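Scroll down for the structure; my scribbles are underneath it.
Rule-based calculations on the coordinates, nothing more; no lab input. Since the model is a prediction, treat every value here as computed from it, not as a measurement. Because the Cβ atoms are built from the backbone with ideal geometry, glycine has one as well, and the counts that use them run over all protein chains shown.
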Amino acid sequence: MRITFIGGGTMGEAMVRRLLSRKLIAPGDITVSDVSQLRRGLLSREYGVNTLADNREAIKDADLIILAVKPQDLAQVMGEIKNPAPQQVVLSIVAGASLSTLQRGLNYPYIIRAMPNMPAQIGEGMIVWTATAEVGQKQKEIAQSVLGALGEEIYVDGEKYLDMATALSGSGPAYVFLFVEALIDAGVHIGLPRSIAEKLAIQTIIGSTHMVQKTGKHPAELRSMVTSPGGTTTEALLQLEKGNFRSLLLEAVAAAYNKAKHL
Ligand SMILES: NC(=O)c1ccc[n+]([C@@H]2O[C@H](COP(=O)([O-])OP(=O)(O)OC[C@H]3O[C@@H](n4cnc5c(N)ncnc54)[C@H](OP(=O)(O)O)[C@@H]3O)[C@@H](O)[C@H]2O)c1
């Protein structure tokens, strides 16, 4: 299999790094096309992949074409690589670019659209993806193994779920970063040295999410297990409920979803 990336920036590089470290493909079977000479130089030096500045030339022998440019550069790229060859599959990770936009722009039916999130950069991402009806099972399996190199992947049968995923797992890291930041500040507020507050907050979030994953218990059950009657935790939870923590989060995700639908 030969893969061509159009765009060798943060995500393109992360994908190349993860595919190579998992030995899913040899460097010689990867081509990265990027307008930036700096990026091309770095990618060929660091990873031994082929690099080109001409998008049309770069897709010539590719089985899988991965679009990893910013949304504002997509129209130009689609114009350049319009009408790929019939055996090629195009996989786009461009935020907000719908299957129909891609199909129209490329004049091509075989399209996969994926929504990775930021932790994909370190192989800890959540990637939600879907495909046009024309994409075959074998092609989906290839996409699955490529996307799986970035973290957990889940296929959804319907593009509407991608807009929902944008609001939950796509924007989600920002919610979590805000939560971590606030928890650290809270620790500092009650007198913990910042470095200790940071360690406590981060490990508490990692440990608690692993607890949900590994026990399979409902989060509400785990929460009640850590909440002793008349204890400290219930005092804190009371304040969170008073501040509408839960409904605020619902409203925040719903607002992101509305925005994603109208992009
Ligand atoms: N970063 C994330 O965590 C993340 C998460 C989910 C989805 N995404 C999606 O992934 C896509 C790529 O994001 P990114 O963060 O990797 O962006 P990026 O770092 O800006 O990478 C894009 C690369 O493409 C190059 N480029 C621009 N126009 C081009 C063209 N016409 N042909 C070939 N290469 C071109 C850019 O060069 P110049 O810089 O010189 O323009 C840059 O090196 C975006 O659409 C974004 O929505 C990113």
With eigenvalues of the C-alpha gyration tensor scaled by 5 and rooted, the chain, Å: 40, 21, 17
Inverse of mean 1/r across different Cα pairs in region 172-261, Kirkwood, Å: 15.0 Å
C-alpha long axis of helix 245-261 to longest principal axis of the chain, angle in °: 20 degrees
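Return the inverse of the average 1/r over all pairs of distinct C-alpha atoms in region 3-157, which is the Kirkwood hydrodynamic radius, in Å to one decimal.
On the way: mean 1/r = 0.0660 Å⁻¹.
Answer for region 3-157: a Kirkwood hydrodynamic radius of 15.2 Å.
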For the chain, built as a Gaussian network whose Cα springs stay under 10 Å, the top-fluctuating residue of Ala85, Ala165, Ala201: Ala201
Most mobile of Gly207, Gly158, Gly105 in a GNM of the chain (Cα contacts under 10 Å): Gly207
Highest-fluctuation residue, Leu162, Leu183, Leu237 considered, GNM on the chain with Cα pairs under 10 Å: Leu237
Karplus (6.51, -1.76, 1.60) ³J(HN,Hα), θ = phi - 60°, over region 25-40, in Hz, Gly and Pro reported as x: 7, 7, x, x, 9, 10, 10, 10, 10, 8, 6, 8, 5, 4, 5, 4
Test item: Cα-centred dipole of region 3-157, Lys/Arg +1 and Asp/Glu -1 on Cβ, debye: 140 debye
Over 13 Å [Cα-Cα, region 129-188], rounded percent: 71 percent
Extreme residue, positive dipole direction of the chain, given options Val226, Leu237, Met78 (C-beta unit charges): Met78
